[in-house]
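These notes concern the structure reproduced below.
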Amino acid sequence: MFFKKIFLTIILLLIASLLPLFQVNKAFAQPLEKNQGKRDLGIEATGQSQDLTIEGDYWALIIGINEYANLPVDKQLQAARPDANAIADVLNKKYGFAKERMVELYDKQATRSEIIKRLRILAKTLGNKDNLMIYYAGHGEYDKETQLGGWIPSDAVLDDPSTFIGNEEVRSYLKAIKARHIYTIADSCFSES
């Protein structure tokens, strides 16, 4: 439990430190109650501009899988879904990500077809001024023979790599998404432990 809390704290600190890459600067990164969720934010002059307008929307795809339909009980996870819930909560409450632009897939919802469908929808929906954060928590797989790795969705069969979502497949979808910034965190291990 202690290590889980430390790990989650590290992930949240990492997110907080990298959100500036999303153009989430001081004006937007304030708690929601300070800026009331408004997109046009006035800031004090810093010698560059009197006002700062943040363009585009902030989107999130959050995936957390504890329960796997085709895995034995000893391969089920305990921390993936709570960690994903915590990330979604921080993005919404602290950084102002709107719930309607947060896609959350947990356990049975996070099938291969549903994850792919949501990545395709994001590719069709996001514009070049939008920003996307993807968080995946669940099992991962790495095949030493092919040197290919990937995410294991909730409906995957462990000895059938065609039921996984390969890293190359994820990269292909990310390339198709026209967002200004895409930040991806994959909280999975390849050791099957």
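Points worth noting:
Each row is one residue, and each column tells you yes or no for (1) closer than 23 Å to ARG171 by Cβ; (2) surrounded by fewer than 23 Cβ atoms within 10 Å (Cβ to Cβ).
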{"site": "ILE63", "(1), (2)": "yes, no"}
{"site": "ASN66", "(1), (2)": "no, yes"}
{"site": "LYS93", "(1), (2)": "no, yes"}
{"site": "THR111", "(1), (2)": "yes, yes"}
{"site": "LEU126", "(1), (2)": "yes, yes"}
{"site": "MET133", "(1), (2)": "yes, no"}
{"site": "GLY138", "(1), (2)": "yes, no"}
{"site": "TRP151", "(1), (2)": "yes, no"}
{"site": "SER154", "(1), (2)": "yes, no"}
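- Selection over segment 68-86 of residues that are open to solvent by 20 Å² or more (accessible area, probe 1.4 Å) and either touching a Phe, Trp or Tyr at 6+ places or on another chain (Cβ under 9 Å) or without any contact (Cβ under 8 Å) to a residue 40 or more places away in the chain (or both) gives a count of 11.
- Residue in segment 163-179 that is assigned to a strand (DSSP E or B) and open to solvent by less than 60 Å² (accessible area, probe 1.4 Å) present: yes
- Whichever residue in segment 68-81 is assigned to a helix (DSSP H, G or I) and within 23 Å of VAL170 (Cβ to Cβ) and, among such residues, is modelled with the lowest pLDDT: LYS75
- Single unsatisfied condition, THR146 versus (1) touching a residue at least 40 places away in the same chain (Cβ under 8 Å); (2) assigned to a loop (DSSP other than H, G, I, E, B); (3) surrounded by fewer than 16 Cβ atoms within 10 Å (Cβ to Cβ); (4) of a type outside the set (Lys, Arg): (1)
- In segment 113-124, the residues that are open to solvent by less than 10 Å² (accessible area, probe 1.4 Å) and either among the polar types (S, T, N, Q) or touching a residue at least 60 places away in the same chain (Cβ under 8 Å) (or both): LEU122
- Only one of ASP57, ASP89 that is at pLDDT below 95 and surrounded by fewer than 19 Cβ atoms within 10 Å (Cβ to Cβ): ASP57
- Single condition LYS99 does not satisfy, out of (1) open to solvent by 70 Å² or more (accessible area, probe 1.4 Å); (2) modelled with pLDDT of 95 or more; (3) more than 25 Å from ILE177 (Cβ to Cβ): (3)
The values are calculated or read from the model by the stated rules, or taken from the named source; none is laboratory data. Given the structure is predicted, the values throughout are model-derived calculations rather than measurements. Reconstructed Cβ throughout: ideal geometry from the backbone, glycine too, with neighbour counts over all protein chains shown. What goes into the accessible areas is simple: the full protein's heavy atoms, side chains included, and nothing from ligands, DNA or RNA. Shrake-Rupley method; radii C 1.70, N 1.55, O 1.52, S 1.80 Å.
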